[in-house]
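**Q** The following block contains the structure, expressed as structure tokens.
The values are calculated or read from the model by the stated rules, or taken from the named source; none is laboratory data. Not measured: the values here are computed from a predicted model. Heads up, the Cβs are rebuilt from the backbone with ideal geometry, glycines too, and the neighbour counts pull from every protein chain shown. Just the protein is used for accessible areas: all its heavy atoms, side chains included, with ligands, DNA and RNA removed. Shrake-Rupley method; radii C 1.70, N 1.55, O 1.52, S 1.80 Å.
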Amino acid sequence: MKLQQLRYIWEVAHHDLNVSATAQSLFTSQPGISKQIRLLEDELGVEVFARSGKHLTHVTPAGEVILELAGEMLRKAESIKRVAQEFSNERSGTLSIATTHTQARYVLPGIIKEFISAYPDVSLNMQQGTPMQIAEMAADGVVDFAIATEALQLFSDLIMLPCYRWNRCIVVPKDHPLAQLDHVSLEAVAEHPIVTYTFGFTGRSKLDDAFSSRGLEPKVVFTAVDADVIKTYVRLGLGIGIIAGLAYDDTQDSDLVKIDASHLFASSVTSLGFRKGTFLRGYMYDFIVELAPHLSREIVQEALSRSNPAERHELYSHIELPTY
């Protein structure tokens, strides 16, 4: 059994059983991958993948267990490499992040600029997706860090670090009736068509909970994953926009009125998550501190030492998170 063979079956499973696509992503040949998978299956005496002719159709029950163990072994091998890199050259390496559009567009630019300035020899890669996709990428070891508001807590394999709180705002054209009110109520908001985030994105559940608790049915006429898209459709008159307050730009969005909605909807917490057992290199700790200054190396290491979420929550309970 070779580590390369385990990587091949892992990658094939995560490329929808498409060997050709896997070969392209690994810069190798399709016949070579197929041969190594067969050699591994012959050695193990079981099939990892079921087949119909030359095509892989699904992962076998034995393959499910083997793939889970293979993933663990590959992650441990990656940790070994990181330990060696940390001691051989602590200022070079890679850092992979998965996050949502709002974080990538409005929160991370300045942080990433500072990080790259401090670590010019670290290659930083960013992927965007839904919160569920982001959490899965971190849980599977595809990325080092997941930064999101939703879904991370659904994965028990992730260590979650609370970064900051944020509130919502309502954006409307300057001549909109809501812009003329001294105090905006939830009932007043419910009277208008709403443009907001797709369910599962950027704390959308808090918005739905607020309306539900008051027995109100919001008129959500359009949803998007991108705050900039939401604002575009507000400008077209499709409805009022409900977005993260930090997604309003005073300069670029000066044609819209920003109405504070922190009294209408509960605040949300954006967290950074990474898989248990991840070896954090020095520059990874520095990235975390750049994103959330209250998460010192000591706090993160203490979180790593605590075995369950309840114990980690107790650790964070005394920390007052910054609010945006």
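**Q** Against the definition (without any contact (Cβ under 8 Å) to a residue 24 or more places away in the chain, in a helix (DSSP H, G or I), touching a helix residue (DSSP H, G or I) at 6+ places or on another chain (Cβ under 9 Å) and of a type outside the set (Ser, Thr, Tyr)), how does Pro31 come out, yes or no?
**A** yes
**Q** May I ask you to verify whether Ser296 is open to solvent by 70 Å² or more (accessible area, probe 1.4 Å) and more than 17 Å from Ile147 (Cβ to Cβ)?
**A** When the stated conditions are applied, Ser296 does not pass them.
**Q** Cβ contacts < 6 Å: first residue under 15 Å from Arg275 (Cβ atoms), restricted to segment 305-317; second residue open to solvent by less than 80 Å² (accessible area, probe 1.4 Å), any location; separation 6+ or different chain. Result?
**A** Between residues of segment 305-317 that are under 15 Å from Arg275 (Cβ atoms) and residues that are open to solvent by less than 80 Å² (accessible area, probe 1.4 Å), the close pairs are Arg312/Ala303; Arg312/Arg306.
**Q** So in segment 265-280, with the set limited to residues that are in a loop (DSSP other than H, G, I, E, B) and closer than 26 Å to Leu246 by Cβ, which one is nearest to the chain's Cα centre (by Cα)?
**A** It comes out as Ser267.
**Q** Out of the residues in segment 187-207 that are more than 22 Å from the chain's Cα centre (by Cα) and part of a strand (DSSP E or B), which is farthest from Val142 (Cα to Cα)?
**A** Pro193
Let's see how each residue does on (1) surrounded by fewer than 16 Cβ atoms within 10 Å (Cβ to Cβ); (2) under 29 Å from the mean Cα position of the chain (by Cα); (3) within 21 Å of Thr130 (Cα to Cα):
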{"position": "Asp209", "(1), (2), (3)": "yes, yes, yes"}
{"position": "Pro218", "(1), (2), (3)": "no, yes, no"}
{"position": "Lys231", "(1), (2), (3)": "no, yes, yes"}
{"position": "Gly239", "(1), (2), (3)": "no, yes, no"}
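**Q** Scan the strands (runs of 3 or more DSSP E) fully inside segment 120-186 and keep the ones with 2 or more residues being buried (at least 22 other Cβ atoms within 10 Å of the Cβ) and on the phi < 0 side of the Ramachandran plot.
**A** So the answer is 145-148, 158-166, 168-173.
**Q** Turning to a different aspect of this structure: Would it be correct to say that Ile259 is modelled with pLDDT of 90 or more, among the aliphatic types (A, V, I, L, M), within 23 Å of Phe155 (Cβ to Cβ) and surrounded by 14 or more Cβ atoms within 10 Å (Cβ to Cβ)?
**A** For Ile259, the condition - modelled with pLDDT of 90 or more, among the aliphatic types (A, V, I, L, M), within 23 Å of Phe155 (Cβ to Cβ) and surrounded by 14 or more Cβ atoms within 10 Å (Cβ to Cβ) - is not met.
Results for (1) part of a helix (DSSP H, G or I); (2) over 30 Å from Leu95 (Cα atoms); (3) of a type outside the set (Val, Ile, Thr), shown as yes or no for each residue.
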site	(1), (2), (3)
Ile37	yes, no, no
Glu43	yes, yes, yes
Ile66	yes, no, no
Leu69	yes, no, yes
Lys76	yes, no, yes
Ser79	yes, no, yes
Arg82	yes, no, yes
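**Q** Open to solvent by less than 30 Å² (accessible area, probe 1.4 Å), modelled with pLDDT of 90 or more and out of contact with any Lys or Arg (no Cβ under 7 Å at 6 or more places or on another chain), is that true of Leu39?
**A** For Leu39, the condition - open to solvent by less than 30 Å² (accessible area, probe 1.4 Å), modelled with pLDDT of 90 or more and out of contact with any Lys or Arg (no Cβ under 7 Å at 6 or more places or on another chain) - is not met.
**Q** Here's a check for you: in segment 158-178, which residue that is under 27 Å from Gln103 (Cα atoms) and aliphatic (A, V, I, L, M) is farthest from the chain's Cα centre (by Cα)?
**A** Val172
**Q** For Leu40, are the conditions met, namely being in contact (Cβ under 8 Å) with a residue 24 or more places away in the chain and under 33 Å from the mean Cα position of the chain (by Cα)? Even if it seems obvious, please write down each step before you answer.
**A** On the way: in contact (Cβ under 8 Å) with a residue 24 or more places away in the chain: yes; under 33 Å from the mean Cα position of the chain (by Cα): no.
For Leu40, the condition - in contact (Cβ under 8 Å) with a residue 24 or more places away in the chain and under 33 Å from the mean Cα position of the chain (by Cα) - is not met.
**Q** Looking for whichever is outside any helix (DSSP H, G or I), under 24 Å from the mean Cα position of the chain (by Cα) and not β-branched (Val, Ile, Thr) here; the options are His58, His15. Which one fits?
**A** Values: His58 fails: under 24 Å from the mean Cα position of the chain (by Cα).
Going through His58, His15 in turn, just one is outside any helix (DSSP H, G or I), under 24 Å from the mean Cα position of the chain (by Cα) and not β-branched (Val, Ile, Thr): His15.
**Q** Further question: For segment 187-203, indicate whether the set of residues that are under 28 Å from Ala146 (Cα atoms), among the hydroxyl-bearing types (Ser, Thr, Tyr), surrounded by fewer than 20 Cβ atoms within 10 Å (Cβ to Cβ) and modelled with pLDDT of 95 or more is non-empty.
**A** no
**Q** Does Leu295 qualify as being in contact (Cβ under 8 Å) with a residue 60 or more places away in the chain, assigned to a strand (DSSP E or B), within 30 Å of Ala77 (Cβ to Cβ) and touching a helix residue (DSSP H, G or I) at 6+ places or on another chain (Cβ under 9 Å)?
**A** Answer is no for this residue.
**Q** Given the residues Ala98, Ala138, which is the only one that is of a type outside the set (Phe, Trp, Tyr), modelled with pLDDT of 95 or more, within 17 Å of Tyr285 (Cα to Cα) and in contact with a strand residue (DSSP E or B) (Cβ under 6 Å, 6 or more places away or on another chain)?
**A** Selected residue: Ala98, the only one of Ala98, Ala138 that is of a type outside the set (Phe, Trp, Tyr), modelled with pLDDT of 95 or more, within 17 Å of Tyr285 (Cα to Cα) and in contact with a strand residue (DSSP E or B) (Cβ under 6 Å, 6 or more places away or on another chain).
**Q** If you take the residues in segment 22-36 that are open to solvent by less than 20 Å² (accessible area, probe 1.4 Å) and under 29 Å from the mean Cα position of the chain (by Cα), which one is nearest to Trp10 (Cα to Cα)?
**A** Thr22
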